[in-house]
Amino acid sequence: MNQEERVVLEHRGYMKQAIEIACQNLQRPFGALLVDSREGEVIASAVNRSYRNPVAHSELEVIHKAVELNAGDVAWQSTVLYVTAEPCPMCMAGILWTGIPKVVYGSSMRTLKGLGYRHIAIQAKEMTAAATGGLICELIGGVLETDCDALFAAAMKLERKSKGTTDSGSTDHWGASES
């Protein structure tokens with residue numbers, strides 16, 4: 001097995017863990033896993049908690065948790081963030097400010113929008129392209145994409161069932177219906 005194949009397997013393994021974490025909140029299955037790329041150790045994990053706090057997206061939650069667990073001493077430049085979906089602009093800004101150099105995600109914003117999730121129409125790659133002053137982040141999308149897409153499709157189905165609707169009315173990043 002060559003180095004590239006090892007990296008792909010590694011990304012898939014960590015993404016499986018992010019999916020497991022996302023399953024803690026089946027209505028908002030946005031899961032995040034922050035990994036120390038030097039040691040391969042999981043630093044922190046988090047799931048979307050926006051039902052408590054509208055900005056408690058999994059990406060920001062995992063950053064906060066990493067800081068708490070490590071008394072603020074996190075070597076951000078040696079981390080990889082695994083998330084079940086492409087980060088929204090708010091989360092991508094937080095990722096850039098922390099200096100996380102790599103994000104690996106499953107579902108794309110385009111897919112989530114197609115499923116009925118509402119998003120601010122600025123993709124993660126646009127955020128990284130607009131960043132200056134050494135704010136750099138490599139984006140790797142589509143890892144276990146089919147699995148992540150199925151998770152979000154099931155969440156939308158659950159959301160519609162709980163509301164007694166079958167239409168494809170738009171919901172936001174957190175699962176709340178658009179008025």
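Suppose a student asked you for the relative contact order of the chain, using Cα pairs under 8 Å spaced at least 6 residues apart; what percent would you report? Before the final figure, lay out each step's value.
Details: 331 pairs, mean separation 37.7, N = 179.
In percent, rounded to a whole number, it is 21.
Using Cα atoms only, what is the angle between the long axis of helix 145-163 and the major principal axis of the chain, expressed in degrees (0 to 90) to the nearest 10?
It is inclined by approximately 40 degrees.
Using a Förster radius of 41 Å, what is the FRET efficiency between ARG38 and LYS163 based on their Cβ-Cβ separation? Nearest 0.05, please. Present the calculation step by step, with values, prior to reporting the outcome.
On the way: r = 46 Å, r/R0 = 1.11.
Efficiency, from the Cβ-Cβ distance: 0.35.
Positive end of the charge dipole of the chain (Lys, Arg +1 and Asp, Glu -1 on Cβ, about the Cα centre): tell me which of SER162, ALA46, ILE136 has its Cα farthest that way.
In the chain, that residue is SER162.
Per residue, how much accessible surface does the chain expose to a 1.4 Å probe? Answer in Å², no decimals. Could you put the intermediate results ahead of the total?
Details: 9250 Å² over 179 residues.
I get 52 Å² per residue for the chain.
Going by alpha carbons, how many degrees (0 to 90, nearest 10) lie between the helix axis of 89-98 and the longest principal axis of the chain?
Result, in degrees: 20.
Relative to the first principal axis of the alpha-carbon coordinates of the chain, what is the inclination of helix 3-22, with its axis defined by its Cα atoms, in degrees from 0 to 90 and to the nearest 10?
Compared with the principal axis, the helix lies near 50 degrees.
Based only on Cα atoms, what Rg/Rh ratio does region 10-149 have, Rh being taken as Kirkwood's radius? Intermediate values should be presented prior to the final figure.
Numbers: Rg = 13.6 Å, Rh = 14.7 Å.
Rounded to two decimals, Rg over Rh is 0.93.
Would you calculate a helix-derived [θ] at 222 nm for the chain, using -39,500 (n - 2.57) for each DSSP H run of n ≥ 4 and dividing by the full residue count, to the nearest 500?
Numbers: 6 runs with 75 residues, N = 179.
My calculation for the chain gives -13000 deg cm²/dmol from helical runs alone.
How far apart, in nm, are two points set 7 Å out from the Cα along the Cα-to-Cβ line at GLU126 and at GLU20?
So the label points at GLU126 and GLU20 sit 3.6 nm apart.
If the cut-off is a Cα-Cα distance under 26 Å, which lysines reach LYS65, setting aside same-chain residues fewer than 8 apart in sequence?
In chain and number order, the partners are LYS16, LYS102, LYS125.
Leaving out ligands, DNA and RNA, and with a 1.4 Å probe, what % of the accessible surface on region 17-140 is carbon or sulfur?
Working: 2970 of 5760 Å².
Solvent-exposed carbon and sulfur of region 17-140 make up 52 percent of the total.
Taking GluC sites (Glu not before Pro) as candidate sites, keep only those in a DSSP loop with at most 11 other Cβ atoms within 10 Å, then name the longest stretch of the chain containing none of them.
Working: sites that count: GLU39, GLU178.
Result for the longest clean stretch: 40-177.
Just to confirm the filter: which trypsin sites (Lys or Arg not before Pro) across region 25-114 are DSSP coil and have at most 13 other Cβ within 10 angstrom of their Cβ?
Working: sites: ARG38, ARG49, ARG52, LYS65, LYS102, ARG110, LYS113; in loops: ARG38, ARG49, ARG52.
Sites meeting the loop and neighbour criteria: ARG38, ARG52.
The values are calculated or read from the model by the stated rules, or taken from the named source; none is laboratory data. It should be emphasised that the depicted structure is a prediction, and the values quoted were computed from it without experimental measurement. Cβ atoms come from the backbone with ideal geometry, glycine included; neighbour counts cover every protein chain shown. Ligands, DNA and RNA are stripped out before the accessible areas are found, and what is left, the full protein with its side chains, is counted by its heavy atoms. Shrake-Rupley method; radii C 1.70, N 1.55, O 1.52, S 1.80 Å.
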